[in-house]
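Reviewing the structure listed below.
The values are calculated or read from the model by the stated rules, or taken from the named source; none is laboratory data. Every value quoted in this text rests on a predicted model; they were computed, and no experiment measured them. Ideal geometry is used to build each Cβ from the backbone, glycine not excepted, and the neighbour counts take in all protein chains shown.
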Amino acid sequence: MTLKTLKPLMTLRTLKFGFPLGLHYLCHTMPRYADILLPLAQPLYTFAVGEGMNPVAGAAVAVQFGARSVYTGIVWRLHDNAPKNGRTKSILRVLHDRPLVTPVQMRFWEWMADYYMCTVGEVMRVALPSIVKPHARTEEEFAAYSPRREKVLTLDESVLADEIEERMRRRAPKRYALIQDLRSAGGILLRRETDADAPTVKALADAGIIKVSKRETASEAVAGAAVLPELSPAQSHALDEVREGFSSRGTVLLHGVTSSGKTEIYMHLIAAALSRGEDVLYLVPEISVTTQLVERLRKAFGERVVPYHSKLTPARRTAAYMRLLNSSGGNLVVGARSAVFMPFSRLGLAIVDEEHDSGYKQSEPSPRYNGRDAAVMLASIHGAKAVLGSATPSMESYANALAGKYVRVRLDERYGGSVPPRVIISDTMLAVKRGERKSRFNKVLLDKIGERLSRGEQVMLFQNRLGYSPYVECPECGWTARCPHCNVTLTLHRSSGTLRCHYCGWQMPVPTRCPSCAKTDVAPMGFGTERVEDEISALFPQARVLRLDGETAVSDAAYRRIISAFARREADILVGTQIISKGLDFDGVTLIGILNADNLLNAPDFRAGERAWQLLVQVAGRCGRRDAAGEVVVQTAEPTHPLFAWIDECCYEPMAASMLDERRLFSYPPYTRLIRITMRSPAAERLAAAARSLDTALRRRFGARVFGPAAPMIDRVRDEHILEIMLKIEASASFARARALLREEIAEVRARSDCRGVTIICDVDVQ
């Protein structure tokens, strides 16, 4: 019997808890017990419902878990079935005056837990802001969230006689002015919106003329006319096609070249959804991209825009969550992948910009979900529409469009008639032979940088590697600095004088002499953005240079400072990692240098070619976005590589056809589904034994679909050894059935005494 012929054990209607969706939302007449979800990698636990307590599904409650710990839990279902294991703890108290999680959210969480092979508790852990799910060692220490409240002034006209008002006008002008302000505002005004002093407010309140009350600070979206950009004929045609696509399919793939104005099309779709009182979800792959985007969207939609991502403070995340929870619709949520967990009341549209980006895939912790796929599923659950936008669509989305699952809409014309950049491939090896290479730069790139600087234009340099150099080496004995906890070399950060591990964070000072032979200083090998910044500053001392990477953009404020300074032309050259390829738009940039394209091509990943092409095209699209034609200089030691012949957006179809043919031949996505099983343990022998046991069990079930176990490139992280098994499931087989069988085998291995202490993690749809 093959997977194709087997029926799924689990479906969207019946999930891992063994009850149909919707059943747990129904409240029994007099429930005595509640199944509680905790933010842990644990199943549901049953608690007794105390007398006089009336929790509902989705409500937050405080419960004691373990000997002393108090956790915030979510009521998942109510029933009268006493647990078989005897005595049951009672719910301590109900938190908040309304449910914290909506029925649609509960359904979405269950789907995510089932699909990405984790527990619903792990979904809860990342889905809710930290402030609304506190836990403590004792009940006395447990501090439940209470929303911030603000004072509201309300005018009572019935108390205000004409003669009193006239007397105030003459003798108490401050009181009279406050009354007039209240009238202008319709009789109600926030205290912070008035200039009245405290004695004035108190006097009117004591007289009963105004009433002072409090309400939650979280506010509803303010309705107002959207200020929308005018569309070009090409954009208008694409917008009409998107709307037509919605009539036949729930998801549209908007394939628009860089600088074609996809954002303007999104804004028109957003305005239509908001006018209907619907919520909109707008996802971007990088938190840093939200800064410019939110500013732009607020000019059009005002306070309807709600930013939400992990770089916000816990208080701001909580305020945004509670605003959506208390809202009846009409909000525009803008954020990274975690924004899919917001409590939308009326989701009408989900937009996933740069849908190809690997940043949508969560790596740690569980759930290891893909924000793009999760947004599409969330839209489906709500009955909403989804738009996936990119100049370089992923192979998976393109294949879905070819199969008719998505509607594909093309936008091939740059906005404003801007000219696509000219791509120049510069042979690094040839430049070395001719003596035309200085430092990390070929002569052709240096010449063009000089030309641009002389004309007052700006330059961007792309190097997808952090730090000064990837490692240091002793020229005498070959010693390299390595992390004692991970099997990796340490990256040199010259500005801080340290060698750092980018996996566990361990660091050490740069040695003055080789620790092995003590004969020479260690030498930096390779180069990162920090070294590029230093060397380009030395070559062009008159140029003002900025660096944008994970080290300089440590906060949202730092990112904004760098971007704003470059946009105001306070710098001539911007050096950066792939951050600079996403969503940035600078008028003055006419030249982009890609310093080491070979790093992208030679990655040990079947997606290396696709990702290299996407990144190169996206980076190239940052220049020549106005009247001036831009140029892109790509430095490579393999100028004849076929990929470079396709570094043009019009070459997407031939590039995609080549990639898909290769993947079909070797059974890679989108023709198969991948699940990577990662096994970790400090004990190498115990890990190897557990891996052999699981491999044997899986081969018995899945046969040739199993690959491994094998050590990854980085086979030790944080003192834990790592082995991996890859599972390939053909697209025609039941993926739900495959996940169910995999769960069974993993559970059996975990139950074995000789496999204790081995962590087993499943990563579904590996990126």
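When Phe707 is tested against (1) over 26 Å from the mean Cα position of the chain (by Cα); (2) loosely packed, with under 14 Cβ neighbours inside 10 Å; (3) outside any helix (DSSP H, G or I), only condition (2) is not met. Please go through the range 624-667 and pick out each residue that is surrounded by 13 or more Cβ atoms within 10 Å (Cβ to Cβ), of a type in the set (Phe, Trp, Tyr) and modelled with pLDDT of 85 or more. Selection gives Tyr652 alone. Among the conditions (1) surrounded by fewer than 19 Cβ atoms within 10 Å (Cβ to Cβ); (2) assigned by TED's automatic domain parsing to the domain that holds Asp585, Pro515 misses just one, which is (2). When only residues in the range 712-734 that are modelled with pLDDT of 95 or more and among the hydrophobic types (A, V, I, L, M, F, W, C) count, which is surrounded by the fewest Cβ atoms within 10 Å (Cβ to Cβ)? Among those that are modelled with pLDDT of 95 or more and among the hydrophobic types (A, V, I, L, M, F, W, C), it is Met726.
Which one is surrounded by the fewest Cβ atoms within 10 Å (Cβ to Cβ), of the residues in the range 62-76 that are in a strand (DSSP E or B) and not polar (S, T, N, Q)? Among them, the one singled out is Ala62. Looking across the range 301-310, the residues that are surrounded by fewer than 18 Cβ atoms within 10 Å (Cβ to Cβ) and either more than 15 Å from the chain's Cα centre (by Cα) or modelled with pLDDT under 85 (or both) come down to Gly302, Glu303. Can you tell me which residues in the range 401-429 are part of a helix (DSSP H, G or I) and in contact (Cβ under 8 Å) with a residue 40 or more places away in the chain? Those that are part of a helix (DSSP H, G or I) and in contact (Cβ under 8 Å) with a residue 40 or more places away in the chain: Ala401, Tyr415, Gly416, Thr428, Met429. Tallying residues that are surrounded by 12 or more Cβ atoms within 10 Å (Cβ to Cβ), assigned to a loop (DSSP other than H, G, I, E, B) and within 29 Å of the chain's Cα centre (by Cα) within the range 130-147 yields 5. Restricting attention to the range 49-61, the residues that are surrounded by fewer than 17 Cβ atoms within 10 Å (Cβ to Cβ) and under 34 Å from the mean Cα position of the chain (by Cα) add up to 1.
Leu546 - would you say it is touching a Phe, Trp or Tyr at 6+ places or on another chain (Cβ under 8 Å), at pLDDT 90 or above, aliphatic (A, V, I, L, M) and closer than 17 Å to Glu286 by Cβ? It is false that Leu546 is touching a Phe, Trp or Tyr at 6+ places or on another chain (Cβ under 8 Å), at pLDDT 90 or above, aliphatic (A, V, I, L, M) and closer than 17 Å to Glu286 by Cβ. Remark: Gly478 matches the filter, which requires a residue to be surrounded by fewer than 17 Cβ atoms within 10 Å (Cβ to Cβ), free of Cβ contacts under 8 Å to residues at least 24 places away in the same chain, more than 33 Å from the chain's Cα centre (by Cα) and in a loop (DSSP other than H, G, I, E, B). Scan the range 336-359 and give yes if some residue there is of a type in the set (S, T, N, Q) and under 13 Å from the mean Cα position of the chain (by Cα), otherwise no. Within the range 336-359 (the criterion being of a type in the set (S, T, N, Q) and under 13 Å from the mean Cα position of the chain (by Cα)), the answer is yes, since at least one residue qualifies.
Residues that are within 26 Å of Val289 (Cα to Cα) and of a type in the set (A, V, I, L, M, F, W, C) number at least 2 in the following strands (runs of 3 or more DSSP E) confined to the range 509-611: 545-548, 573-576, 589-594. Residues in the range 311-322 that are in contact with an Asp or Glu (Cβ under 9 Å, 6 or more places away or on another chain) and surrounded by fewer than 22 Cβ atoms within 10 Å (Cβ to Cβ) were compared, and the one that is nearest to Val132 (Cα to Cα) is Leu312.
Taking (1) at pLDDT below 95; (2) in contact with a Lys or Arg (Cβ under 7 Å, 6 or more places away or on another chain); (3) not polar (S, T, N, Q) in turn, Leu674 satisfies each apart from (1). When the criteria are applied in full, Ile164 meets the requirement of being in a helix (DSSP H, G or I), farther than 30 Å from Thr313 by Cα and either out of contact with any Leu (no Cβ under 6 Å at 6 or more places or on another chain) or assigned by TED's automatic domain parsing to the domain that holds Leu324 (or both). The condition of being surrounded by fewer than 16 Cβ atoms within 10 Å (Cβ to Cβ) and either assigned by TED's automatic domain parsing to the domain that holds Arg743 or over 14 Å from Leu37 (Cα atoms) (or both) holds for only one of Asp97, Asp114, that being Asp97. When the range 464-493 is filtered for residues that are at pLDDT below 90 and of a type in the set (S, T, N, Q), the ones remaining, listed by number, are Asn464, Ser469. Residues considered: Glu570, Glu551. Of these, the only one that is assigned by TED's automatic domain parsing to the domain that holds Phe462, buried (at least 16 other Cβ atoms within 10 Å of the Cβ) and in contact (Cβ under 8 Å) with a residue 24 or more places away in the chain is Glu551.
For the range 382-411, a tally of residues being β-branched (Val, Ile, Thr) and within 20 Å of the chain's Cα centre (by Cα) returns 2.
Hey, among the residues in the range 205-231 that are in a strand (DSSP E or B) and at pLDDT 70 or above, which one's nearest to Tyr176 (Cα to Cα)? Before you say what the answer is, go through the steps one by one.
Looking only at the range 205-231, we keep the residues that are in a strand (DSSP E or B), and these are 210-216.
Okay, now just the ones that are also at pLDDT 70 or above, so 210-215.
Working: Ile210: 12, Lys211: 15, Val212: 17, Ser213: 20, Lys214: 23, Arg215: 25 Å.
Residue satisfying both the conditions and the ranking: Ile210.
Taking the listed residues Arg98, Arg87, the one that is assigned to a loop (DSSP other than H, G, I, E, B) and touching a residue at least 60 places away in the same chain (Cβ under 8 Å) is Arg98, with no other qualifying. Residues in the range 481-508 that are free of Cβ contacts under 8 Å to residues at least 60 places away in the same chain and part of a loop (DSSP other than H, G, I, E, B): Ala481, Cys483, Pro484, Leu490, Arg494, Ser495, Ser496, Gly497, Cys501, His502, Gly505, Trp506. Taken over the range 557-569, the criterion of being within 20 Å of the chain's Cα centre (by Cα), over 16 Å from Arg296 (Cα atoms) and not aromatic (Phe, Trp, Tyr) is satisfied by Ala557, Ala558. Screening Leu239 with (1) at pLDDT 90 or above; (2) farther than 24 Å from Val619 by Cβ; (3) more than 27 Å from the chain's Cα centre (by Cα) gives one miss only, at (3).
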